[in-house]
Structure formats: C-alpha cells, structure tokens
Amino acid sequence: MISDSLLAAVCDVALQAGQVILEIYDQAYEVIEKADGSPVTVADHRAHDLISAQLAPLLPGTPVLSEESSEITYQQRADWSRFWLVDPLDGTKEFIRRNGEFTVNIGLIENGFPILGVVHTPVRRTTHFALTGGGAWRQVEDAAAEMITVRPYQDGVVRMVASRSHSGAEVDRFRNSLRAQSGQEVETVSMGSALKVCLVAEGVADVYPRLGPTSEWDTGASHCILNEAGGCLMDCAGNELQYNKPSVLNPWFLAVGDTSYDWINVCPELKDRQ
C-alpha cells in the first residue's frame, strides 16, 4: 500500500542517511574516481548501505536501483514493475567542495513513472517530498511541512536555474533564446544536485534546462515532487521522462514550472538531440 505512512517512513530513512553523511562531511576522507570519471566517497557507500537496509522492510520484495548498485544489468531489472530508485548522495562534487548543495534522493517507480519522491538536503535540514495525488511539500527541520507549488509564468523576466558543476554552451544558447524571446534579462541561479528541480517545484525558478548527461537516480525522486507541485520533467521533444530504460542515462531534459508555456520552442534545435 502506497500511503502517507510509507512516505513518512521514507522521509525518516532519508534523514538517517543525511545524518550518516554529515558525520563524514567535515572529516578527512578518500575520494575515489569511478570508471566514468565521477567521484565517490565513503559517505556515498555508507548512505547507500543504510538506505538499502532501511527500505527493505517497507515494501518487502521491492528491489533497489542505486547509483552505488549500478552494476545491475537491464536483463536483471527489465521485468521490474515497481522499484526504489536511489541516489544516496546526489552532488558528490558539491559534498567534496563543502558547499552544502548535496542531497539524498529516494524515489519509488511504478510502471516507468515516479509515484513517491523524497529529496533531503542534510546541511540545510530541509526535506522536499511528494506522493502521487498528495501534493508536494517542503519541511525545514521540525517545523510544520508546507505545501509547495510552481509559479505561473507570463512573458517577462524568466528565472532559470542551472547546474553549478555541469553547464556549458547549450545552456548558454537556451538562456540567450529565452532572453531574445522575452526581451528581458534572464535571472540565473546556479545550484547543485536535485535541489535545482526542487527550486522549480517551489516556485523559486521557472525552468531548469539540463542539456547534458544525467542518470535516472538523479531525477526520479525530484520528478515526483515537481509533478505534484504542478510542473513537468520532459525531454526536448516534450515527452515526460520515463524510468527503467535499457540505459539508465536520461535524455537531455527541461524541468518546467508553468506547463502552459511552450518551453520546448524557446530553442527548437534542441529537438534534434532526441
């Protein structure tokens, strides 16, 4: 049963993982380079172990696909109709830089789409969470949770959020197209990890163009939160992102708040990247 009590339990798991990460945050630790060149630390592994163990009794028999268990092949997971999708430490580069912009991401995927999502930011003691049909929420420390929604966009200044560690020429092109279309400057905020999608979900930003590589565990949890806040996570052809594909890599995508605005045709050449 997917319920509010399950969502609360997953939030608690994310908070526990965040505490494990913070215990390592200010210590000396080894940074290992994975095969794809991305960094990993003991914090990633310890958070993965805790999350995997804590999720097991919540929905018995439900498998876990995590960034730290990415060796699972498509043949092994092709028949998964429901599974946990986890990034135990999203934003390892931000963790290493000690700027606080890293998160714990736990999503539940059913038939290719997210139905539950929790994004916890340990340093900020903030948790974003959502359950299909239950709205999107943000809780800071022990304060009461507040519902969040995207903001409407009417031609004018666009608030765009961009990756702190992964931007580039295509994002600049998208920003320039937004500027030309609106006739005004584009306010840009740089941020790390799944916090970028959460900023769109809570109405701080209008759009987040991710025009570069990401993996499914980077987006599954925040995708659910954005959906429930009234936004959408879509590829550059306007299709909603799906999960448990043969490749765990996502296509380029846009996280958008106001879905009535034609964000795709801001930069039509992006469609060629599908």
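The values are calculated or read from the model by the stated rules, or taken from the named source; none is laboratory data. Nothing here was measured: the structure is a model prediction, and the numbers come from that model. Cβ sites come from the backbone with ideal geometry, for glycine too, and all protein chains shown count toward neighbours.
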### Query
In region 50-166, which strands (runs of 3 or more DSSP E) lie fully inside it and hold 3 or more residues that are at positive phi?
none
### Task
Only residues that are touching a residue at least 24 places away in the same chain (Cβ under 8 Å) and more than 21 Å from SER193 (Cβ to Cβ): list them for region 134-150, please.
GLY134, GLY135, THR149
### Message
Can you pull out every residue in region 237-251 that is surrounded by fewer than 18 Cβ atoms within 10 Å (Cβ to Cβ) and part of a loop (DSSP other than H, G, I, E, B)?
### Response
ALA237, GLY238, ASN239, GLN242, LYS245, PRO246, SER247
### Task
Within region 249-274, count every residue that is of a type in the set (A, V, I, L, M, F, W, C) and more than 14 Å from the chain's Cα centre (by Cα).
5
### Query
Given the conditions (1) of a type in the set (Gly, Ala, Ser); (2) surrounded by 13 or more Cβ atoms within 10 Å (Cβ to Cβ); (3) at pLDDT below 95; (4) under 26 Å from SER247 (Cβ atoms), and given that ALA43 satisfies all but one, which numbered condition is not satisfied?
(4)
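Here is a yes/no grid of residues against (1) within 22 Å of ALA169 (Cβ to Cβ); (2) buried (at least 24 other Cβ atoms within 10 Å of the Cβ):
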{"residue": "GLU185", "(1), (2)": "yes, no"}
{"residue": "ASP206", "(1), (2)": "yes, yes"}
{"residue": "PRO209", "(1), (2)": "yes, yes"}
{"residue": "ASN227", "(1), (2)": "no, no"}
## Note on the structure
Exception for ARG77 within (1) closer than 30 Å to VAL31 by Cβ; (2) in contact with a Ser or Thr (Cβ under 9 Å, 6 or more places away or on another chain) falls at (2)
### THR127 of a type in the set (S, T, N, Q) and modelled with pLDDT of 95 or more
yes
### Query
Considering region 102-120 alone, what residues qualify as being surrounded by 24 or more Cβ atoms within 10 Å (Cβ to Cβ) and either free of Cβ contacts under 8 Å to residues at least 40 places away in the same chain or within 17 Å of PRO63 (Cβ to Cβ) (or both)?
ASN105, ILE106, GLY107, LEU108, ILE109, PRO114, LEU116
